[in-house]
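Trainee: Pasting in a structure now, in structure tokens, and then I'll have a few things to ask.
Just so it is clear, none of the values below were taken in a lab; they were calculated from the coordinates. These numbers come from a predicted model, not from an experiment. So basically every Cβ, Gly included, is an ideal-geometry build from the backbone, and we count neighbours across all protein chains shown.
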Amino acid sequence: MMVARLLDEEPEQAYAYSRVALRLASRVAAVREAAGFASYATERYSEALAEFRTTRRMTGTVDLWPVMADCERGLGRPERALEMAGAPEVHKLDKAGQVEMRLVAAGARQDLGQAEAAVVTLQSSELAANAVHPWTARLRYAYADALLTVGRENEAREWFAKALEADHNGTTDASDRLAQLDGVAFVDAFDGEGDGDEDERAGTAGTDDTDESDDVDVPADDDLTDEVVVEGTDTAVDAPDDDADDADDHSDSEDDDEDDDTSSDARAHAEEADDEPEESAADAGADDTDTDGNATEQKAGDAEPSSFLDSPFRAPAHTDREDD
């Protein structure tokens, strides 16, 4: 059981198990057959042929006749393989066995350098059938290979394609042979993976360098100067300073307060002038004196703020000046 399980993937290990099985049960036909196939898989054709012959004697069947003939080929005796292909035992084989025997005979012809004879050997009703059997892919593949050997490349390509259609389990490399005839080259994706990673890393490094060159040092807030870009031009105009605006507003407020004081004094003088009676020319001098006195008192009054400006709801204008 272990021999059959490991035969395809680990033939050497399968062969080791077969040797152990032979020591334990050498008189069992199934064990001798398994040992023969293990030897055949590891190209120990002499041991394989001996085991197959023993199995045939123990069972009396001819099912192993094609593989026995192939062992003769492996031992360098293609003539012996051709003799076995013409033996009466071949007629006792089933359809699959007869196809296998035809494949061995064609291989023997090629071993002898008879390429054209190998093509003729493979031509049969099984090859021309449209039905697909387990042996169909191998038969078509062998025929395509024989055609390619004799230089019939177009026909070989056609039969490689037919073999690929029948090869559902991937037992042949018909796809690779067909691609080779079409001039298609296969590239292993894993070989270029490292180069692709290096190119990607180089591109990333280039991007990082570009980003670093585009970086601009941003000055601190104290160094920033407010600018206004005039629409439609590239000229930047300095924006008005908020502190300067506040200073101008404060100055205008002070000027308005001074104008209010002057207007109030002018109205007071006008009312006094209307209330005074008409006097004689002699009293004019006295009025002038009084006028001068009043002017002196007016100047003295200007030094003190009015009762409205002294109101607790509004600070005098000169107070703001002292704070500044």
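Trainee: Only residues that are closer than 14 Å to GLU100 by Cα and among the small types (Gly, Ala, Ser): list them for the range 68-86, please.
Mentor: ALA69, ALA81, ALA85, GLY86
Trainee: Between residues in the range 165-183 that are touching a residue at least 12 places away in the same chain (Cβ under 8 Å) and residues that are β-branched (Val, Ile, Thr) and outside any helix (DSSP H, G or I), which pairs lie under 6 Å by C-beta distance while being six or more apart or on different chains?
Mentor: Final answer for the pair search is ALA166/VAL132.
Trainee: Applying the selection to the range 23-42, what residues are surrounded by fewer than 23 Cβ atoms within 10 Å (Cβ to Cβ) and more than 21 Å from GLY60 (Cβ to Cβ)?
Mentor: Selection gives ARG23, LEU24, ALA41, THR42.
Trainee: Looking only at the range 100-148, count every residue that is crowded, with 19+ Cβ neighbours inside 10 Å and not in a helix (DSSP H, G or I) and tell me the total.
Mentor: Summing the residues that are crowded, with 19+ Cβ neighbours inside 10 Å and not in a helix (DSSP H, G or I) in the range 100-148 gives 1.
Trainee: Taking the range 39-54 on its own, how many of its residues are closer than 23 Å to ARG102 by Cα, part of a helix (DSSP H, G or I) and not aromatic (Phe, Trp, Tyr)?
Mentor: Looking only at that region, the number is 8.
Trainee: Among the candidates ARG73, ARG57, which residue alone is free of Cβ contacts under 8 Å to residues at least 12 places away in the same chain, under 21 Å from GLU33 (Cα atoms) and part of a helix (DSSP H, G or I)?
Mentor: Details: ARG73 fails: free of Cβ contacts under 8 Å to residues at least 12 places away in the same chain.
Criteria check complete, one pass: ARG57.
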